[in-house]
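Input: a single structure, listed below in structure tokens.
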């Protein structure tokens, strides 16, 4: 018998999901990552998105909110704020919540002053928007893509890039002579 992975998803409400699977893909803040049996230990911060797993020839998906994942030799533990499977999603309710959220986001984004409270509210509203979008994507009816260049997803800039931004063009290393 081939090795398997014990996938467990836990939310603040308790264990939301548990299964024995062949492989898993999850959405980290630095991009998706995959876990196969025998994976080296890793801890990753998660963004709201889709967790895809395979059981035999079947590929299945669930949605998770922000959280953390810990992978080990033959186990992946996901600690997430939210969890949804396709059967629990009502797209009409999700679209209504998304429509109610949009004016709040626009109001926060159009504010001229920046305060700690405003930044916290902006992050909270965008996190909520991303969670709703993940559920609609899982359902098969994703909302239109949104570009928010100030979001903190993705890898941090390399130290070299930050140093280069502060130097004049003439000081930057050139290619071959």
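The values are calculated or read from the model by the stated rules, or taken from the named source; none is laboratory data. Please read all numbers here as calculations on a predicted model, not as lab measurements. Ideal geometry is used to build each Cβ from the backbone, glycine not excepted, and the neighbour counts take in all protein chains shown.
Quick notes
- Filtered residue count, segment 71-80, keeping only those that are surrounded by 14 or more Cβ atoms within 10 Å (Cβ to Cβ) and either free of Cβ contacts under 8 Å to residues at least 60 places away in the same chain or in contact with a helix residue (DSSP H, G or I) (Cβ under 8 Å, 6 or more places away or on another chain) (or both): 2
- Some residue of segment 139-150 being part of a helix (DSSP H, G or I) and modelled with pLDDT of 90 or more: yes
- Of the listed requirements (1) under 22 Å from residue 139 (Cα atoms); (2) out of contact with any strand residue (DSSP E or B) (no Cβ under 6 Å at 6 or more places or on another chain); (3) touching a residue at least 24 places away in the same chain (Cβ under 8 Å), residue 100 misses just one: (3).
- Qualifying residue in segment 121-129 (condition: exposed (fewer than 13 other Cβ atoms within 10 Å of the Cβ) and under 20 Å from the mean Cα position of the chain (by Cα)): yes
- Which numbered condition residue 20 fails, given (1) under 21 Å from residue 81 (Cα atoms); (2) at pLDDT 95 or above: (1)
- Meets criteria (crowded, with 18+ Cβ neighbours inside 10 Å and either in contact (Cβ under 8 Å) with a residue 60 or more places away in the chain or more than 19 Å from residue 126 (Cα to Cα) (or both)) for residue 84: no
- Options 64, 51; residue that is surrounded by 14 or more Cβ atoms within 10 Å (Cβ to Cβ), in contact with a helix residue (DSSP H, G or I) (Cβ under 9 Å, 6 or more places away or on another chain) and modelled with pLDDT of 95 or more: 64
- A search for C-beta distances below 7 Å between a residue of segment 46-59 that is free of Cβ contacts under 8 Å to residues at least 24 places away in the same chain and any residue that is surrounded by 15 or more Cβ atoms within 10 Å (Cβ to Cβ), counting only pairs 6+ apart in sequence or on different chains, returns 59/52.
- Residue within segment 38-49 that is closer than 18 Å to residue 134 by Cβ and over 14 Å from the mean Cα position of the chain (by Cα) present: no
- The residues in segment 40-54 that are farther than 18 Å from residue 127 by Cα and not in a strand (DSSP E or B) can be counted, and the count is 2.
- Filtering segment 103-128 to residues that are more than 25 Å from residue 45 (Cα to Cα), free of Cβ contacts under 8 Å to residues at least 12 places away in the same chain and in a helix (DSSP H, G or I) leaves 103, 106, 107, 110.
- Residue in segment 68-87 that is more than 16 Å from the chain's Cα centre (by Cα) and assigned to a helix (DSSP H, G or I) present: yes
- In segment 1-31, the residue that is surrounded by the fewest Cβ atoms within 10 Å (Cβ to Cβ) out of those that are farther than 13 Å from residue 64 by Cα and out of contact with any strand residue (DSSP E or B) (no Cβ under 7 Å at 6 or more places or on another chain) is 1.
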